């Protein structure tokens, strides 16, 4: 890989065209992209979309996985991303996964993003090695051969990639990547029953896969021991009932 100028490609799994058009496609750096930009519609899980990158003939060093509800601010966003990635690679040549938000190895929240109108500028210095990454925006080194796990659906696959990387002698980090996340998921309950069921299924699959590696802290759950996924589901359903109470 040319460390001075990593070749980037972008990929997005789209399920709602109006959201895609309102958010990601409004990013100034995507107006006339001169790099591979793949949008996969109607997939059943993140892996089904991401694995399309391995059929892409264009030479790419790093793939940028970005959600449809993320906006990449500024016409120079891609240049800034390359610069931060290059700096991280100098520190950690074995870097294989990176993200805009996550949990550092020592358990601190890290990142600088606008999340549903709320600025989340964590005090943790960036870049920092990570034990967990949020899925809204990820970078995956093409030569690492890392794969997303279809069993995880649309949740926890960022942290799964981190643990896969670690298991194979690679590293993961949170970088200083500005982005705006305009998720329709509320920050507080009530949550849709379908969302709770989806997260509970993914959490259970993650827990079974990595039970030998626990504890693991993610941005939304602390997998302290086996049973954390079930506890999360119970807490989410309990919050539903409390919100519905008169």
- Among (1) in contact with a strand residue (DSSP E or B) (Cβ under 9 Å, 6 or more places away or on another chain); (2) on the phi < 0 side of the Ramachandran plot, residue 87 falls short only on (1)
- Message: Tally up the residues in segment 58-107 that are without any contact (Cβ under 8 Å) to a residue 60 or more places away in the chain, closer than 14 Å to residue 130 by Cα and surrounded by 15 or more Cβ atoms within 10 Å (Cβ to Cβ), please.
- Response: 1
- Query: In this structure, does residue 33 turn out to be in the same structural domain as residue 125 (by TED's automatic domain parsing) and either touching a helix residue (DSSP H, G or I) at 6+ places or on another chain (Cβ under 8 Å) or within 24 Å of residue 172 (Cβ to Cβ) (or both)?
  - Reply: no
- Item | Test for residue 35: is it in contact (Cβ under 8 Å) with a residue 40 or more places away in the chain and either more than 20 Å from the chain's Cα centre (by Cα) or on the phi < 0 side of the Ramachandran plot (or both) | yes
- Query: Does residue 198 satisfy being under 22 Å from residue 137 (Cβ atoms), surrounded by fewer than 16 Cβ atoms within 10 Å (Cβ to Cβ) and outside the structural domain of residue 148 (by TED's automatic domain parsing)?
  - Reply: yes
- Hits in segment 201-212 - residues which are in contact with a strand residue (DSSP E or B) (Cβ under 9 Å, 6 or more places away or on another chain), touching a residue at least 24 places away in the same chain (Cβ under 8 Å) and either surrounded by fewer than 16 Cβ atoms within 10 Å (Cβ to Cβ) or outside any loop (DSSP other than H, G, I, E, B) (or both): 203, 206
- Message: It is to be established whether one or more residues within segment 62-80 are more than 25 Å from residue 26 (Cβ to Cβ) and in contact with a helix residue (DSSP H, G or I) (Cβ under 7 Å, 6 or more places away or on another chain).
- Response: no
- Query: Given the structure, is residue 162 touching a residue at least 60 places away in the same chain (Cβ under 8 Å) and assigned to a strand (DSSP E or B)?
  - Reply: no
- Item | Residue list for segment 116-138, restricted to those being surrounded by 18 or more Cβ atoms within 10 Å (Cβ to Cβ) and under 24 Å from residue 22 (Cβ atoms) | 134, 135, 136, 137, 138
- For residue 165, which of the numbered conditions (1) over 15 Å from the mean Cα position of the chain (by Cα); (2) over 27 Å from residue 15 (Cα atoms); (3) crowded, with 18+ Cβ neighbours inside 10 Å fails to hold? (1)
- Message: Can you tell me which of (1) surrounded by fewer than 19 Cβ atoms within 10 Å (Cβ to Cβ); (2) in a helix (DSSP H, G or I) is the one residue 178 doesn't meet?
- Response: (2)
- Note on the structure: In segment 32-74, anything over 21 Å from residue 155 (Cβ atoms), at pLDDT 95 or above and out of contact with any strand residue (DSSP E or B) (no Cβ under 9 Å at 6 or more places or on another chain) is listed as 74
- Query: Of the residues 197, 193, 176, which is touching a helix residue (DSSP H, G or I) at 6+ places or on another chain (Cβ under 6 Å) and either on the phi < 0 side of the Ramachandran plot or without any contact (Cβ under 8 Å) to a residue 24 or more places away in the chain (or both)?
  - Reply: 176
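The values are calculated or read from the model by the stated rules, or taken from the named source; none is laboratory data. This is a predicted model, so every value here is computed, not measured. We place every Cβ from the backbone using ideal geometry, glycine too, and count neighbours over all the protein chains shown.
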